[in-house]
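Input: a single structure, listed below in structure tokens.
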């Protein structure tokens with residue numbers, strides 16, 4: 001037993017030494033193992049894709065020859081300069097109005113009346129008296145024929161009664177004419193006073209205007225026309241899908257003293273070859289007025305021109321080279337597309353348009 005203890009005591013230092021060596025080796029292996037782990041790989045940049053260089057497409061347009069015009073377009077209305085202003089000759093209160101704007105009326109039509117109940121009653125009573133007087137005369141005439149002429153005196157008296165009643169009727173009708181507007185002509189109503197029934201109106205105040213539909217002209221307000229038109233100037237008139245030739249008859253200066261408000265501050269245009277039966281009062285028509293026109297000139301698109309400090313330039317493309325060139329322009333078309341070139345280009349040049 002003692003021997004065993006002694007032996008064990010002898011080996012304890014050795015065992016301890018071996019344990020230290022073993023632990024040291026294990027620790028070394030662990031540390032070396034950490035260094036043996038794979039390192040993080042670097043993130044690779046995506047490969048560069050080589051593209052072909054962008055080539056700008058050049059679009060050109062050849063300078064062309066052609067005609068160009070600058071015109072303006074506006075609208076007018078058909079009216080008649082031949083008009084009759086109708087009015088009451090007495091002051092009174094409006095009783096009835098039998099016409100509206102645009103009505104076709106006939107000569108003799110009663111268009112409006114003032115209040116006149118007494119006169120209307122008088123006329124009705126006189127008409128009855130006249131019928132009775134005529135019946136009495138006819139009866140006496142028959143008796144006179146049957147009696148061989150013994151009722152001659154009575155017939156004369158009956159005839160005088162008829163004449164007297166007719167004179168009274170004429171007098172009342174004359175008074176009624178002063179409180180009535182009766183059209184003296186056939187035509188179209190082109191104006192009706194806005195005074196309504198029940199309102200007062202003074203004598204000789206225009207109440208209704210009648211125009212002659214056989215004498216229509218085109219009337220254009222000066223506010224429609226941006227460029228003045230001289231008398232005698234020909235214009236193009238479009239109406240109901242047909243184009244007609246028009247001629248300026250009057251300008252606003254010629255209509256300064258015009259009493260008809262429809263013709264003040266207007267151009268008056270006659271239209272050749274237009275059937276007046278196809279026109280209604282106030283129908284509209286288009287008018288085109290050519291301001292400038294030239295033929296066989298050099299033309300390019302307006303969008304190809306660059307302006308700088310009051311000068312105009314275009315890019316001319318020739319033999320692969322782009323050259324900026326100064327040009328002078330003339331007429332511009334009314335649609336804003338074409339421009340006349342008066343200097344700086346020839347009809348062999350090509351213009352860069354994009």
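Pull up region 252-270, narrow it to residues that are in contact (Cβ under 8 Å) with a residue 60 or more places away in the chain and within 20 Å of residue 84 (Cα to Cα), then point me to the one that is farthest from the chain's Cα centre (by Cα).
260
Return the total of residues in region 209-234 being under 26 Å from residue 190 (Cα atoms) and assigned to a strand (DSSP E or B).
The total comes to 8.
Of the residues 288, 324, which is closer than 30 Å to residue 269 by Cα and surrounded by fewer than 17 Cβ atoms within 10 Å (Cβ to Cβ)?
Checking each option against the conditions leaves just 288.
Return only the number of the condition from (1) within 30 Å of residue 247 (Cβ to Cβ); (2) assigned to a loop (DSSP other than H, G, I, E, B) that residue 85 does not satisfy.
Every listed condition holds for residue 85 apart from (2).
Using beta carbons and a limit of 6 Å, which pairs, at least six apart or on different chains, have the first residue in region 333-348 and assigned by TED's automatic domain parsing to the domain that holds residue 316 and on the phi > 0 side of the Ramachandran plot and the second one buried (at least 17 other Cβ atoms within 10 Å of the Cβ) and in a strand (DSSP E or B)?
344/327
Counting just the residues of region 271-285 that are in a strand (DSSP E or B) and surrounded by fewer than 16 Cβ atoms within 10 Å (Cβ to Cβ), which one comes out farthest from the chain's Cα centre (by Cα)?
If we take residues in region 271-285 being in a strand (DSSP E or B) and surrounded by fewer than 16 Cβ atoms within 10 Å (Cβ to Cβ), then 272 is farthest from the chain's Cα centre (by Cα).
Condition (residue is assigned to a helix (DSSP H, G or I) and loosely packed, with under 15 Cβ neighbours inside 10 Å) applied to region 257-266: is it met by at least one residue?
There is at least one residue in region 257-266 that is assigned to a helix (DSSP H, G or I) and loosely packed, with under 15 Cβ neighbours inside 10 Å.
Hey, any hits in region 318-331 for a residue that's part of a strand (DSSP E or B) and within 30 Å of residue 242 (Cβ to Cβ)?
Within region 318-331, one or more residues are part of a strand (DSSP E or B) and within 30 Å of residue 242 (Cβ to Cβ).
Yes/no matrix, rows are residues, columns are (1) crowded, with 18+ Cβ neighbours inside 10 Å; (2) within 30 Å of residue 262 (Cα to Cα):
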site	(1), (2)
135	no, no
140	yes, no
143	no, no
156	no, no
165	yes, no
173	no, no
180	yes, yes
189	yes, yes
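Within region 228-248, is there a residue that is under 30 Å from residue 206 (Cα atoms) and out of contact with any helix residue (DSSP H, G or I) (no Cβ under 8 Å at 6 or more places or on another chain)?
Yes: region 228-248 contains one or more residues that are under 30 Å from residue 206 (Cα atoms) and out of contact with any helix residue (DSSP H, G or I) (no Cβ under 8 Å at 6 or more places or on another chain).
I'd like to verify a number: residues in region 305-317 that are within 36 Å of the chain's Cα centre (by Cα) and assigned to a loop (DSSP other than H, G, I, E, B), how many?
The number of residues fulfilling the criteria is 2.
Give the residues of region 200-223 that are in contact with a helix residue (DSSP H, G or I) (Cβ under 6 Å, 6 or more places away or on another chain) and buried (at least 16 other Cβ atoms within 10 Å of the Cβ), sorted by residue number.
Across region 200-223, the qualifying residue is only 216.
In the list 100, 172, which residue meets the criterion of being modelled with pLDDT under 95 and part of a helix (DSSP H, G or I)?
172
The values are calculated or read from the model by the stated rules, or taken from the named source; none is laboratory data. Keep in mind the model is a prediction, meaning the values are calculated, not measured. As a convention, Cβ positions derive from the backbone with ideal geometry for all residues, glycine included, and neighbour counts pool all protein chains shown.
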